[in-house]
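The values are calculated or read from the model by the stated rules, or taken from the named source; none is laboratory data. Small disclaimer: the values here were computed from a predicted structure and weren't measured. In this analysis, Cβ positions are derived from the backbone assuming ideal geometry, glycine residues included, and neighbour counts consider all displayed protein chains.
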Amino acid sequence: MKLKKLSGTKKMKHDQAQIQYEMAFLFASINTKESMLKETTALLKSAAKEGHGLALLALGNWYVHGKGVKKNYKKAVDCFLKAALQGNATAQFEVGMCYDKGHGVKKDIQQAARWYLKAARKGEITAQENIAYCYLSGEGVKKNYKKAVFWYRKVTEKGTSESQYSLGYCYEKGLGVTKDLRLAKLWYQLAARQGNKDAMNAVKDLMKYEK
């Protein structure tokens, strides 16, 4: 009977935290008045205290940007990490970013890559792009061109110009794939259409070789 009571208490706390998070989200979305910010922050903190993942993620971002609270990277990392350990992909990416930039923690590229990979495996687009770069450059992980291409291909499906350019670069140089200037040019052109200047220059350079 004691276990059932504990389970019921946990559920009540989770439900209450969910309500508090939803109210904070609605207040932040609908009412932008400064007078409501204190109440919204209090709701968010209360939900985060109960371990609500989305509330932790939101509060972490507020600490990063100084919204409703004083800017504090250490507290932001604490919030992100708690949400990340619950499996939240966006929070895992944010933890990676904090290690990458040295915000609230000692700069550690290996830890950054570790968290990027966790988030990437769950489909977080920017994390996929970042871990692809890590494998391409050898930052935080052992250089692996095939893994870089694997992750860049994942991101190109979403249409990001940086990943399209990078995949084109891999085809141009034969990194992780068979060298193919035709495919390189096509990927560069796709990225160039989105305004990527590096891709525009790469297309011009390849066209010189065609003449």
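Residue by residue, here is whether (1) outside the structural domain of G66 (by TED's automatic domain parsing); (2) touching an Asp or Glu at 6+ places or on another chain (Cβ under 6 Å); (3) modelled with pLDDT of 75 or more holds:
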| site | (1), (2), (3) |
| --- | --- |
| L3 | yes, no, no |
| S7 | yes, no, no |
| K10 | yes, no, no |
| E22 | no, no, yes |
| L26 | no, no, yes |
| K33 | no, no, no |
| L37 | no, no, yes |
| S46 | no, no, yes |
| E50 | no, no, yes |
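Mind listing just one residue for me: the one in the range 157-211 that is of a type in the set (K, R), surrounded by fewer than 19 Cβ atoms within 10 Å (Cβ to Cβ) and in a helix (DSSP H, G or I) and, of those, farthest from the chain's Cα centre (by Cα)? Checking each candidate, the answer is K208.
Of all the residues in the range 61-75, those that are touching a Lys or Arg at 6+ places or on another chain (Cβ under 8 Å) and part of a helix (DSSP H, G or I) number 4. For the structure I just gave you, tell me whether K106 is in the same structural domain as Y63 (by TED's automatic domain parsing), of a type outside the set (A, V, I, L, M), surrounded by fewer than 21 Cβ atoms within 10 Å (Cβ to Cβ) and more than 19 Å from L56 (Cα to Cα). When the stated conditions are applied, K106 passes them. When the range 87-145 is filtered for residues that are part of a helix (DSSP H, G or I) and either of a type in the set (S, T, N, Q) or modelled with pLDDT under 95 (or both), the ones remaining, listed by number, are T90, Q92, Q110, Q111, T126, Q128, N130, S137. Report yes if some residue within the range 158-169 is at positive phi and either outside the structural domain of M97 (by TED's automatic domain parsing) or touching a residue at least 12 places away in the same chain (Cβ under 8 Å) (or both); otherwise report no. Checked against the condition, which is being at positive phi and either outside the structural domain of M97 (by TED's automatic domain parsing) or touching a residue at least 12 places away in the same chain (Cβ under 8 Å) (or both), the range 158-169 yields at least one hit. Consider A42 carefully, then state whether it is of a type in the set (A, V, I, L, M) and either outside the structural domain of A24 (by TED's automatic domain parsing) or surrounded by 22 or more Cβ atoms within 10 Å (Cβ to Cβ) (or both). No. Taking the criterion of being out of contact with any Asp or Glu (no Cβ under 9 Å at 6 or more places or on another chain) and either assigned by TED's automatic domain parsing to the domain that holds E162 or surrounded by fewer than 24 Cβ atoms within 10 Å (Cβ to Cβ) (or both), the residues of the range 119-138 that qualify are R121, K122, G123, E124, I125, T126, L136, S137, G138.
Can you say whether K154 is in contact (Cβ under 8 Å) with a residue 24 or more places away in the chain and either under 27 Å from A28 (Cβ atoms) or not assigned by TED's automatic domain parsing to the domain that holds K179 (or both), as far as the supplied structure shows? Break it down into steps so the answer makes sense when it comes.
On the way: in contact (Cβ under 8 Å) with a residue 24 or more places away in the chain: yes; either under 27 Å from A28 (Cβ atoms) or not assigned by TED's automatic domain parsing to the domain that holds K179 (or both): no.
Answer is no for this residue.
Scan the range 143-150 and give yes if some residue there is farther than 30 Å from K70 by Cα and of a type in the set (V, I, T), otherwise no. Working first, answer last.
Step one: list which residues in the range 143-150 are farther than 30 Å from K70 by Cα, which gives 143-150.
Right, trim to of a type in the set (V, I, T) and you get 149.
Scanning the range 143-150 turns up at least one residue that is farther than 30 Å from K70 by Cα and of a type in the set (V, I, T).
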